[in-house]
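Working notes for the structure below.
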Amino acid sequence: MSTATLETCSVHSAIAEYADNPSAFLALSSGNAFFTAPGLDGVVAYRRSGRYLVVFGAPFGPDPAALLRAFTAHARSLRCRVVAIQAQESDVDTYVDEGYTVNQVGASYAVSLDAFTLRGSRFVRLRNKISRATRGGLVVAEVGQPSWHSRMVALDEEWLRGKGKHAKPLEFLVGEYGGPMQECRRLFAGTIDGELAGYISYSPAYGTRPGWLHDLSRRRPTVPPGVMEAINAAAISCFRSEGTPWLHFGFTPFTGLTGAHEHPSHSPWFRWLVGQLGRRGAAVYPAATQLAYKRKWAPHAVLPEYVAFSNGASLNGFLQIFRAANAL
């Protein structure tokens, strides 16, 4: 086993044991760096962007405050500042107590599979879309990623071309496929006449709402509506049969914003900025489209997510998150 694989397995163990962030598995994505401190269990996953170290979520360990203190000192030794994205509500006090400014920046959405059903009038349109895709010849199955890799890459390239000539694939805040952790993920693919029409990759979710994270998804632009809904419905049926408690739909920035979720020490001007992006920021991020898809499934939990700044709220620090995610 290579050193890189040993490190990845160690990080995975820390996440599985200590994380209560439904997207925590994304910390294992390729390109991330990992900080550990002597005498402390756990890890901080991050990327460097400009003069910032961009943390994914929060420190994963039994003493996150001590890890954060060590990591902040490490950043200062590099003459860097720290900005963290996708911190959870349970992480807010950890950051605030270390002098960080914390603001809500969006929310994640989750469905309790114990209570889930597609029956009833509220799901008529969703059932119709799924039926339309099925009548169009869609076949959905759980598959192994290695044997589908080349077809997935080809679909990704076609999907990205459909986003415009300047579009780039996102990183850091979205998942991936392949690599040493692929065996932990699950892949559901939809085909029409044997051709890959779309796929959804699911990553494990740990903590108080364990289950799966609806992670990376792609659809061929030319296929009929309902393909992604049909794939996800098939996955839900499979997960429910296995007794999986939760399906998470992940983080959507600029949504689910409410003053009740803000810490008293939040930055008022940054709260205003995030609100403006939620109302007018479609060119920055397609939050409305993502939210519409997630709401189709009538989520049972809406979980606030946060951004934390080591030296006060900063527009430059916020932009470094987008650069780390390959969005700028």
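The values are calculated or read from the model by the stated rules, or taken from the named source; none is laboratory data. Note that the structure is predicted; figures quoted are calculated from it, not measured. Neighbour counts are summed over all protein chains in view; Cβ atoms, including those assigned to glycine, are modelled from backbone coordinates with ideal geometry.
A few notes on this one:
- Against the list (1) assigned by TED's automatic domain parsing to the domain that holds Gly175; (2) assigned to a strand (DSSP E or B), the condition Arg240 fails is (2).
- Failed item, numbered, when Pro180 is tested on (1) more than 30 Å from Gly259 (Cα to Cα); (2) surrounded by 14 or more Cβ atoms within 10 Å (Cβ to Cβ); (3) at pLDDT 95 or above: (3)
- Positions within the stretch 150-174 being under 20 Å from His214 (Cα atoms), outside any helix (DSSP H, G or I) and among the charged types (D, E, K, R), in sequence order: Glu171
- With respect to being in contact (Cβ under 8 Å) with a residue 24 or more places away in the chain, over 30 Å from Ala308 (Cα atoms) and either part of a helix (DSSP H, G or I) or hydroxyl-bearing (Ser, Thr, Tyr) (or both), Arg127 falls outside the description.
- Filter result for the condition that a residue is surrounded by fewer than 19 Cβ atoms within 10 Å (Cβ to Cβ) and either in contact (Cβ under 8 Å) with a residue 40 or more places away in the chain or more than 17 Å from Gly57 (Cα to Cα) (or both), over Ser203, Ser241: Ser241
- Filter pass, Leu196 being touching a Ser or Thr at 6+ places or on another chain (Cβ under 9 Å), at negative phi and either loosely packed, with under 15 Cβ neighbours inside 10 Å or of a type in the set (A, V, I, L, M) (or both): no
- Filtered by the rule that a residue be within 16 Å of Thr101 (Cβ to Cβ) and in a helix (DSSP H, G or I), the stretch 56-76 gives Leu68, Thr72, Ala75.
- Qualifying residue in the stretch 292-307 (condition: assigned to a loop (DSSP other than H, G, I, E, B), of a type in the set (Gly, Ala, Ser) and more than 28 Å from Arg209 (Cα to Cα)): no
- The stretch 25-41, subset closer than 24 Å to Asp215 by Cα, of a type outside the set (A, V, I, L, M) and surrounded by fewer than 22 Cβ atoms within 10 Å (Cβ to Cβ), residue farthest from the chain's Cα centre (by Cα): Phe34
- Unmet criterion (only one of (1) in contact with a helix residue (DSSP H, G or I) (Cβ under 9 Å, 6 or more places away or on another chain); (2) in contact (Cβ under 8 Å) with a residue 12 or more places away in the chain) for Arg119: (2)
- Given (1) more than 22 Å from the chain's Cα centre (by Cα); (2) farther than 25 Å from Phe239 by Cα, number of the condition Leu126 does not satisfy: (2)
- Residues of the stretch 260-269 classified as in contact with a helix residue (DSSP H, G or I) (Cβ under 8 Å, 6 or more places away or on another chain) and either surrounded by 14 or more Cβ atoms within 10 Å (Cβ to Cβ) or without any contact (Cβ under 8 Å) to a residue 24 or more places away in the chain (or both), total: 3
- Residue in the stretch 135-149 that is modelled with pLDDT of 95 or more, under 21 Å from the mean Cα position of the chain (by Cα) and in a helix (DSSP H, G or I) present: no
- Residues in the stretch 283-299 include at least one that is more than 23 Å from Thr94 (Cα to Cα), under 21 Å from the mean Cα position of the chain (by Cα), at pLDDT below 95 and of a type in the set (Val, Ile, Thr).
- Subset of the stretch 221-237 [assigned to a helix (DSSP H, G or I) and surrounded by 19 or more Cβ atoms within 10 Å (Cβ to Cβ)]: Val227, Met228, Glu229, Ala230, Ile231, Asn232, Ala233, Ala234, Ala235, Ile236
For every residue, the table says whether it meets (1) surrounded by fewer than 16 Cβ atoms within 10 Å (Cβ to Cβ); (2) out of contact with any Leu (no Cβ under 7 Å at 6 or more places or on another chain).
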residue: Pro64; (1), (2): no, yes
residue: Ala84; (1), (2): no, yes
residue: Thr94; (1), (2): no, no
residue: Asp97; (1), (2): yes, yes
residue: Val124; (1), (2): yes, yes
residue: Gly136; (1), (2): no, yes
residue: Val140; (1), (2): no, yes
residue: Arg151; (1), (2): yes, no
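- Number of the exception - Tyr109 against (1) buried (at least 24 other Cβ atoms within 10 Å of the Cβ); (2) aromatic (Phe, Trp, Tyr); (3) assigned to a helix (DSSP H, G or I): (3)
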